Each structure stands twice: as C-alpha cells, then as structure tokens.
Amino acid sequence: MKRIAIIAAVCALLCSCAAPRRTAGSAAAPLIGISAAGEGVSRVAQNYIDAVAAAGGVPVIIPIMTDSLAIAAILEKVDGVLMIGGEDIDPHYYGEAALPEMGSINARRDTFDLALARMAVRARKPLMGICRGIQAINVAFGGSLWQDIPSQQPLSQIRHKVADGESPFHDITVASGSVLARLVGSGRMRANSYHHQAVKKVAPGFVVTATAPDGVVEAFERFSGGDRILAVQFHPEKMFEAGDASFLPVFEWLIQESRK
Ligand code: MN
C-alpha cells in the first residue's frame, strides 16, 4: 500500500514537471482575460476568442462578477485584459440623466466592467477595449459619452450603426505618433461601425488616436504613468472574422504587452 502511494506520488511529480508551464514574463502564450457579456449568462462571442488566439494569446472568459475580491483574484491569474462590446452604460455613471434615445442597460455588467477596467490598470495589466469596452474605460476613468449620436449630433453625415457591422463602412483617420499608428499605420483607413454611443468628454490622460470624418472618437490610448491602455470604437474582431486582418495588430499589441 505504502509503496503504491509513493509510486503514485513520484508519477504525479514527474507528470507535472513534464507538462508545459506558463510563467510570468516567459515567451509562452499569455493568458488574456476577456470580459463577459450577457444577462443571466456570461458569454463571449466567438470572434473575440478567435482574434485573441490568432494573435498568439490564450483566451479565458472573465465571468460577470460584482465581487471585487473575485475580480482581483482573476486579475492575478491573467496577463492582459480585453473588454468587449454590448449594452449602453448607465449615464448615471458620468453624471447625466438618460435621454429617451438611450438603449438598454445592464446594471450588473456596468458594475463589473467599471471595476474591471480600474482594477486591471491598478494591477498594471495591459488593457484593450472594443466598442462598449472603449466607452466603459472612458467612464471608469472620468470621461463621458454621447448617449445617442444620431439625435445628439444631427448634422453628422455618417451613420455609425449599420447592418451587422462586419464590413468596413466609414473612414477613420489614425493620428501619427500614436501607438495605434505604429501598429496599423497613420492616415486614412476603413473601419466597420456598429455603435450609437461614443466617447464625448475624454477621460484625463487619454489621447484620441483615431476619429471618423464627423469627429466621433474611434480610438484612444493612455500610456502615461506606466499605463498600457488601447481601445477602439469599431470592431476589429468582426473584421477578422470576415477575413480582414487590417486591425489584427491591435490584438497582437495586447499579447506582446501581456508577455512583459
Ligand atoms: Mn463609427
């Protein structure tokens, strides 16, 4: 009996040593925590998962949680964080009353996303946002949103919410000198568009790095004080799903930063 137990213990030790290990700062694929969406369920659309994997990361879903201790525990395990699209953020969080044109909100997800953004940055993790992600990051750090672009900017000649948002739809201008420009080049690019809200007051320390022709913020970043935050309003994961890898380098940025 005793001998069997010893053999089993030695076996377990050998097996665990032989298994590949991921250590912080190693060249192994980093773990990328993706914030979940949903009501009564925590889910992540497959295209976000596929884009993170294609860029060299190992995607893991961070379920919707409002317990900050649980969020902190997950942040100790992941190397980087991606925050994804979804509902409108309750304007209460940036000091406004809801307009009639505002869409649906998800109170639990608001609590989760705002805490996750702040805690990821405090934990010195690289943070990437897409769509609601850029909006949640902006609100988390003191910015505000256009609640509804069509009604609040009636002179805009650009529709920002079209079809399923897969195909590039409007131009964006990427500012030279930005990290985004280093990744995808500066100047005019085509981007898809699937949003009716957008960044209004830009949170302190963030630099707008891409705009649509009507001035709507399409990307921003913050690298002051050791922060590593890069976010876009459009949907690079949908473009990647449709076979357009123009913005895959943004995912690759997250993976590269997550190795550090
Ligand atoms: Mn747009």
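Which percentage, to the nearest 5, of the DSSP beta bridges contained in the chain is antiparallel? Each step should come with its number before you reach the end.
Numbers: 19 of 35 bridges.
Of the beta bridges lying entirely in the chain, close to 55 percent run antiparallel.
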Notebook entry, point to check: If you take the beta carbon distance between GLU76 and ALA181 as r and set R0 to 22 Å, what does 1/(1 + (r/R0)^6) give as a FRET efficiency, to the nearest 0.05?
Noted result: 0.10
Notebook entry, point to check: Which residue, ALA98, ALA117, ALA163, has the most motion in a Gaussian network model of the chain that connects Cα atoms within less than 10 Å?
Noted result: ALA163
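Can you give the convex hull volume of the alpha carbon atoms of the range 77-161 per residue, in Å³?
Values: hull volume 8.5 nm³, N = 85.
Given the Cα convex hull of the range 77-161, per-residue volume reads 100 Å³.
Figure the gain on full extension for ILE105 and ALA245 (residue separation times 0.36 nm, minus the Cα-Cα span) and round it to one decimal in nm. Mind showing how you got there, number by number?
Working: separation 140, 0.36 × 140 = 50.40 nm, distance 3.10 nm.
Going from the current span to full extension adds 47.3 nm.
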Notebook entry, point to check: What's the angle, to the nearest 10 degrees (0 to 90), between helix 68-77's Cα axis and the longest principal axis of the chain?
Noted result: 70 degrees
Margin query: With a cut-off of 8 Å between alpha carbons and a minimum separation of six or more residues, what is the relative contact order of the chain in percent?
Written below: 21 percent
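Using Cα-Cα distances under 8 Å and only pairs 6 or more residues apart, what relative contact order does the range 55-108 have, in percent?
Details: 23 pairs, mean separation 17.6, N = 54.
Rounded, it is 33 percent for the range 55-108.
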Next item on the list: Can you tell me how much longer the chain between ARG159 and ARG43 gets when fully stretched, taken as 0.36 nm per residue apart minus their C-alpha distance, in nm with one decimal?
Entry: 39.0 nm
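Can you give me the Kirkwood hydrodynamic radius for the range 122-194, using every pair of distinct Cα atoms, in Å to one decimal?
Values: mean 1/r = 0.0691 Å⁻¹.
After inverting the mean inverse Cα-Cα distance, the result is 14.5 Å.
How large is the Rg to Rh ratio of the chain when both quantities use alpha carbon positions and Rh follows Kirkwood?
On the way: Rg = 20.0 Å, Rh = 19.1 Å.
My calculation puts Rg/Rh at 1.04.
Can you give the Kirkwood hydrodynamic radius of the range 158-228 from its Cα pairs, in Å with one decimal? Before the final figure, lay out the partial values.
Details: mean 1/r = 0.0779 Å⁻¹.
With all distinct Cα pairs of the range 158-228 included, I get 12.8 Å.
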Next item on the list: Report the accessible area of VAL121, computed with a 1.4 Å probe over the heavy atoms of all protein chains in place, in Å² rounded to the nearest 10.
Entry: 10 Å²
Item checked: Per-selection metrics, the range 57-204 (Cα): Rg and Dmax in Å -> 16.2, 47
Notebook entry, point to check: For the range 30-97 and the range 186-253, what is the separation of their Cα centres, given in Å?
Noted result: 17 Å
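Within the chain, how many Lys pairs sit with Cα atoms under 15 Å apart, leaving out pairs fewer than 8 places apart on the same chain?
Lysine pairs, 8 or more places apart or on different chains, close enough: 4.
The values are calculated or read from the model by the stated rules, or taken from the named source; none is laboratory data. Source: prediction; values computed, not measured. Methodologically, a virtual Cβ is constructed for each residue, glycine included, from the backbone with ideal geometry; neighbour enumeration extends over all protein chains shown. What goes into the accessible areas is simple: the full protein's heavy atoms, side chains included, and nothing from ligands, DNA or RNA. Shrake-Rupley method; radii C 1.70, N 1.55, O 1.52, S 1.80 Å.
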